[in-house]
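S.K.: Quick one: the structure is below, questions incoming.
Every number in this text was worked out from the coordinates using simple rules, so none of it is lab data. Bear in mind the structure is a predicted one, so any value in this text is a computation, not a measurement. Neighbour counts are summed over all protein chains in view; Cβ atoms, including those assigned to glycine, are modelled from backbone coordinates with ideal geometry.
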Amino acid sequence: LDLRAEDLKTLGELGAGNGGTVCRVMHIPTETVMARKIIHIDAKPTVRKQIMRELQFAHDCNSEHIVSFYGAFTTEGDINICMEYMDVGSLDKIYKKNGPIPMDILPQIAYAVVDGLIYLYDNHRIIHRDVKPSNVLINSSGQIKICDFGVSGQLINSIADTFVGTSSYMSPERIQGAPYTVKSDVWSLGITIMELALGRFPFPADGTALSIFELLQHIVHEAVPTLPPGKYPEDLEDFLARCLMKDVDKRATPSELKSHPYLQNAMSHKVDLQGWAASVNSI
Ligand code: ATP
Ligand code: MG
């Protein structure tokens, strides 16, 4: 099925990020509600065609922890990506409205992200590159899925050429110019889970405001953040320590994290994710 702009009716705006705007839309012919992301990039037609070709690989990414891809098209210089609409929204909005994520829900989220990362890398050799609370989405069935992963190398390059590509979830080695590996995603996951546990971004420990430059300096040179002692489960503290190793060789891989007690214990307990999703103030 080919998606065309003419077949989409905008229902509302979901948010805007660094270079993209996301709207809730109705695909009229199939009566399917979708999320449409519009990315404006300055790129030549040949580059744009390559992006469109590469984006098609997202059709092959099918996992219960990955947001489904419906299709992509171009409109006057914009790249349009249509994906599954997640009706409870992203974790950044959820914790900002509802406070820290409950301790029984958090390992379920960590498990979903780890499993999604393993799926992308083992089956498609895709490194996510942008793990953070706004890229983890929840729906009212209680499903947890990751979105905005790096399927198209050319899209990543074009966005980097058009916007400043620094993110506060970047690993110390990335900030210092080392190439991306799956372990960079593991660092970002650690920061993300700590943020969801604390209900605030973990850097710097005392919560003072820093410029982006100061923040990146801090991530590279200062001690790794930790949870306030004695207030959180020990297996969570250990899980985060495994993610937030500055030394890449010592940092866990996604597969190692999957067998960590924090996730293994969580898997043996049934949790009412649907009930939690219904209780959350969303969007
Ligand atoms: P950045 O651009 O830095 O990655 P971001 O992830 O917040 O930041 P976008 O990816 O443009 O920016 O998304 C904007 C907002 O739209 C998100 O914060 C999220 O709440 C919402 N959103 C994105 N995709 C979906 C989706 N598939 N379903 C529901 N809401 C979505
Ligand atoms: Mg996003």
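S.K.: For the range 16-35 and the range 211-241, what is the separation of their C-alpha centers, rounded to whole Å?
M.R.: Each part reduced to its Cα centre gives a spacing of 35 Å.
S.K.: Please find the FRET efficiency linking Asn62 to Ala160, where r is the Cβ-Cβ separation and R0 is fixed at 22 Å, and quote it to the nearest 0.05.
M.R.: Computed FRET efficiency for Asn62 and Ala160: 0.20.
S.K.: Can you give the extra length, in nm with one decimal, that the chain gains between Asn18 and Ala209 once fully stretched, where that is 0.36 nm per residue apart less the Cα-Cα distance?
M.R.: Difference between extended and current length: 66.8 nm.
S.K.: Would you work out which of Cys147, Tyr111, Cys82 lies farthest towards the positive end of the dipole of the range 52-164? Charges go on Cβ: Lys and Arg +1, Asp and Glu -1.
M.R.: Among Cys147, Tyr111, Cys82, the one farthest towards the positive end of the dipole of the range 52-164 is Tyr111.
S.K.: Counting only Cα, what are the radius of gyration and maximum Cα-Cα distance Dmax of the range 234-275, in Å?
M.R.: 12.3, 39
S.K.: Can I ask one more? Which residue, His260, Tyr232, Val220, has the largest displacement toward the positive end of the dipole of the range 205-275 when charges sit on each Cβ (Lys, Arg +1; Asp, Glu -1)?
M.R.: Value: His260.
S.K.: Is the shape of the range 131-224 rounded, prolate or oblate, going by the alpha carbon gyration tensor and its root eigenvalues a ≥ b ≥ c, with a/c under 1.5 for rounded and a/b larger than b/c for prolate?
M.R.: oblate
S.K.: Can you give me the three principal axis dimensions of the range 105-183 from its C-alpha atoms, in Å, biggest first?
M.R.: 38, 24, 23
S.K.: For the range 45-97, which GluC sites (Glu not before Pro) are both in a DSSP coil and crowded by at most 16 other Cβ atoms within 10 Å? The partial results should precede the final answer.
M.R.: Details: sites: Glu54, Glu64, Glu76, Glu84; in loops: Glu64, Glu76.
When the GluC sites (Glu not before Pro) of the range 45-97 are filtered for loop state and at most 16 Cβ neighbours within 10 Å, Glu64, Glu76 remain.
S.K.: State to the nearest 20 debye the size of the charge dipole of the chain about its Cα centre, where the only charges are +1 on K and R beta carbons and -1 on D and E beta carbons. Mind showing how you got there, number by number?
M.R.: Details: 26 positive and 34 negative charges, 47 e Å.
Here the size comes out at about 220 debye.
S.K.: Next question, about the same structure. Test of understanding: ordering Glu256, Glu173 by Cβ neighbours within 10 Å, fewest first, what list do you get? Could you put the intermediate results ahead of the total?
M.R.: Working: Glu256 12, Glu173 19.
So the ranking, lowest neighbour count to highest, is Glu256, Glu173.
S.K.: For Asp238 and Lys270 in the same chain, what is the full-extension length gain: residue separation times 0.36 nm, less their Cα-Cα distance, in nm?
M.R.: Extra length available between Asp238 and Lys270 comes to 9.3 nm.
S.K.: List every residue whose amide H lies under 5 Å from the amide H of Leu11, counting only residues 5 or more places away in sequence or on a different chain, with H placed 1.01 Å from N in the peptide plane.
M.R.: Long-range HN contacts for Leu11: Arg24, Val25, Met26.
S.K.: I'd like to know which of Ile51, Thr30, His40 lies farthest towards the positive end of the charge dipole of the range 21-62, counting +1 on Cβ of Lys and Arg and -1 on Cβ of Asp and Glu.
M.R.: His40
S.K.: While we're looking at this one, here's another question. At what distance in nm do the modelled label points of Thr46 and Leu227 sit from each other, each positioned 7 Å from its Cα along Cα→Cβ?
M.R.: The modelled label-to-label distance comes out at 5.2 nm.
S.K.: If you line up the long axis of helix 45-55 against the longest principal axis of the chain, both from Cα atoms, how many degrees apart are they, to the nearest 10?
M.R.: 60 degrees
S.K.: For the range 31-71, restrict the atom set to alpha-carbon positions and state the Rg and Dmax in Å.
M.R.: Values for the range 31-71 (Cα only, Rg and Dmax): 12.5, 35 Å.
S.K.: For the range 148-283, what is the largest minus smallest coordinate of the Cα atoms on each principal axis, given in angstrom and ordered from greatest to least?
M.R.: Over the range 148-283, Cα extents along the principal axes are 45, 33, 33 Å.
S.K.: Additional query: Quick check on the chain: what does the Kirkwood estimate of hydrodynamic radius come out to from the alpha carbon pairs, in Å? Mind dumping the intermediate values first?
M.R.: Details: mean 1/r = 0.0510 Å⁻¹.
Here the Kirkwood hydrodynamic radius works out to 19.6 Å.
S.K.: Let me know the charge dipole size of the range 136-283 about its Cα centre in debye, to the nearest 20, where only the beta-carbon of Lys, Arg (+1) and Asp, Glu (-1) is charged.
M.R.: Roughly 280 debye for the range 136-283.
S.K.: How large is the convex hull of the C-alpha atoms of the range 1-129 per residue, in Å³?
M.R.: It is 131 Å³ per residue.
S.K.: Could you derive backbone 3J(HN,Hα) for the range 68-85 from the dihedral phi with the Karplus parameters 6.51, -1.76 and 1.60 (θ = phi - 60°), listing whole Hz in sequence and x where the residue is Gly or Pro?
M.R.: 5, 9, 9, x, 9, 8, 10, 9, 5, x, 9, 9, 10, 10, 9, 9, 3, 8
S.K.: Using only the alpha carbons, work out the radius of gyration and Dmax of the range 1-64 in angstrom.
M.R.: In order Rg, Dmax, the Cα atoms of the range 1-64 give 13.4, 35 Å.
S.K.: Sequence-distant or interchain residues sharing an amide H contact under 5 Å with Tyr70, placed H: which?
M.R.: Answer set, sorted by chain and number: Cys82, Met83, Glu84.
S.K.: Here is a further query. Which whole-number percentage describes the relative contact order of the chain, with Cα contacts under 8 Å and a sequence gap of 6 or more?
M.R.: 19 percent
S.K.: To continue, here is another question. Bin by bin, in steps of 5 Å, what percent of the Cα pairs in the range 203-255 do you find, going until the bin that has the longest distance?
M.R.: 4, 17, 22, 22, 19, 13, 3
S.K.: Within the range 253-283, list the residues whose amide N lies under 18 Å from a label point set 7 Å along Cα→Cβ of Ser141.
M.R.: 271-279
S.K.: HN-Hα J couplings of the range 223-229 from phi, Karplus 6.51/-1.76/1.60, θ = phi - 60°, integer Hz, Gly and Pro as x?
M.R.: Coupling constants for the range 223-229: 4, 5, x, 10, 6, x, x Hz.
S.K.: What is the helix-to-structure angle for 234-243, meaning the angle in degrees between its Cα long axis and the longest Cα principal axis of the chain, kept from 0 to 90 and rounded to the nearest 10?
M.R.: Relative to the chain, helix 234-243 is tipped by roughly 60 degrees.
S.K.: Shifting gears a bit: Would you mind computing, in nm to one decimal, how far apart the modelled labels at Asp2 and Arg125 are, each placed 7 Å from Cα along Cα→Cβ?
M.R.: With each label point 7 Å from Cα toward Cβ, the separation is 3.1 nm.
S.K.: May I pose another question? Tell me which residues come under 5 Å, amide H to amide H, from Asp87 once H is placed; ignore anything under 5 positions away on its chain.
M.R.: Close amide H contacts, sequence-distant or interchain: Ser140.
S.K.: With everything on Cα atoms, drop me the angle between helix 212-221 and the longest principal axis of the chain, reported from 0 to 90° to the nearest 10.
M.R.: 40 degrees
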